[in-house]
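Here's the structure, in structure tokens; my notes come after.
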Amino acid sequence: MGSDNAPQVLLNALDELPLPPDVEIVAIGMPEYKGIKRFRYAVATEVIGMDEHPLLALRRKRNASLCVGLRLLKEGAIDAFVSAGNTGALVSSAKMILSTIPGILRPALLALIPTKKNPVAVLDVGANVQAKASHLVQFALIGAAYQKARGIEKPSIGILNIGSEAMKGTSELRLAYHELQMMSLAPFRFVGNIEGKSVFDGDVDVLITDGFTGNVFLKTAEGIASLILDRINAHIPQEELKKLQPELNDLQRHLHYAEYPGALLAGVKGIVIKCHGYSTPRAFANGVIGAVELAREKFTQVLQDKLDFFHLKKKFN
């Protein structure tokens, strides 16, 4: 509920999703959508729209679908929660209902973006419009823990900035640069500032920024990727496109945002995936697949363990 797509469109996409037999989808929404064959259903009597003020809406609509879903997650009735609704309301309600992992002041939305090498974890991409240096340092720890959980032993960390020099950017970015540079015991390798044009070279595993800049960067990258794919399809004759189909499929997998499983709200006590409000049904379905994978890996506990280890190591050194 609450996305730009009609609920029935998303339900149809999920109904066609090939899921393992031990995975169950719980659909959460208004009573009129109850009765979909394949899903268990949780009724919500209210919906928070995209144009509503997050905190006001949460006070007035305690039975909104995203509130119902997050309460189910806290109670252990579900293992992960996926939403394409109001970002501000989702972040605020997750902080209130689930609370943050000890040691984390603010959760961040983490998105994987393709590069010439391995995908880079970018955070924050929309949870916090402004971020202090202390928040950016915590984003670095969260991103490092996420990439370590994906098998990268010592992830490299960069700060998204307007230049590579240490004194570039805002006062908070400069302070974050200094703090990260001084963290000799950190579970990552800090490589300094990264310009936007260099991100896709794949030389960093984690890119940290505030939610405003990160969201603009993410959506700009998606727009450019969409433009490239559209121009290819518009200017290459269909008979040639058929010959190039394997290469085009590979390009689509690397460039199209619908192939990536939404953004993880990292730092709260539970697996919460945020998809774009305008996500295609396929993108929303991939968000569900991503949530299943994170739940199987018990990612929240893995993140907590890695953060605890770092703080313990820092305390005794």
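The values are calculated or read from the model by the stated rules, or taken from the named source; none is laboratory data. What you are looking at is a predicted structure, and each value in this text was computed from that prediction instead of being measured. Because the Cβ atoms are built from the backbone with ideal geometry, glycine has one as well, and the counts that use them run over all protein chains shown. Remember, those area values only see protein heavy atoms, side chains included, never the ligands or the DNA or RNA. Shrake-Rupley method; radii C 1.70, N 1.55, O 1.52, S 1.80 Å.
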Among GLY151, PRO246, LEU11, whose Cα lies farthest out toward the positive end of the dipole of the chain, if unit charges sit on the beta carbon of Lys, Arg (+1) and Asp, Glu (-1)?
-> GLY151
How big is the equivalent ellipsoid of segment 122-206 along its three axes, where each semi-axis is √(5λ) from the Cα gyration tensor, reported in whole Å from largest to smallest?
-> 18, 14, 13
Partner aspartates and glutamates for LYS61 [C-alpha distance under 16 Å; skip if fewer than 8 residues away on the same chain] | GLU46, ASP51, GLU52
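With charges only on Cβ, +1 for K and R and -1 for D and E, what is the dipole size of the chain about its Cα centre, in debye, rounded to 20?
900
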Determine the alpha carbon to alpha carbon distance for each of LYS34/LYS269; LYS74/LYS274; LYS34/LYS298; LYS116/LYS269 and list only those over 22 Å.
-> LYS34/LYS269; LYS34/LYS298; LYS116/LYS269
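Taking every eigenvalue of the Cα gyration tensor of the chain, multiplying by 5 and rooting it, what semi-axes result, largest first, whole Å?
31, 27, 18
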Please work out how much length the chain gains when fully extended from GLN8 to VAL191, using 0.36 nm per residue of separation minus the C-alpha to C-alpha distance, in nm with one decimal.
-> 61.3 nm
Charge tally for neighbours of ALA64 with beta carbon under 13 Å away, counting Lys, Arg as +1 and Asp, Glu as -1, is +3
Anything in the chain that counts as a DSSP H helix reaching 20 Å or more along its axis (C-alpha) with Kyte-Doolittle mean of at least -0.5? List them, would you?
-> 133-149, 211-235, 281-296
Could you state the accessible area per residue of segment 1-147 in Å², with a 1.4 Å probe and every protein chain left in place?
-> 46
Non-local amide H neighbours of ILE194 (under 5 Å, H modeled in plane, Pro and chain starts lacking H): which ones?
-> ILE159, LEU160, ASN161
Set of lysines with alpha-carbon distance to LYS168 below 17 Å, sequence-local pairs under 8 removed | LYS132, LYS197
Nearest-0.05 FRET efficiency for VAL129 and VAL302, computed from C-beta distance (R0 30 Å) | 0.60
Which whole-angstrom value gives the distance between the alpha carbon centres of segment 165-180 and segment 105-152?
-> 17
Rounded to 0.05, the calculated FRET efficiency for the beta carbons of ASP15 and LYS243 at R₀ = 25 Å is 0.15
Here FRET efficiency (C-beta to C-beta, LEU229 to GLN181, R₀ 45 Å, nearest 0.05) is 0.70
With label points set 7 Å from each Cα along the Cα-to-Cβ direction at LEU56 and ALA149, the distance between them in nm comes to 3.5
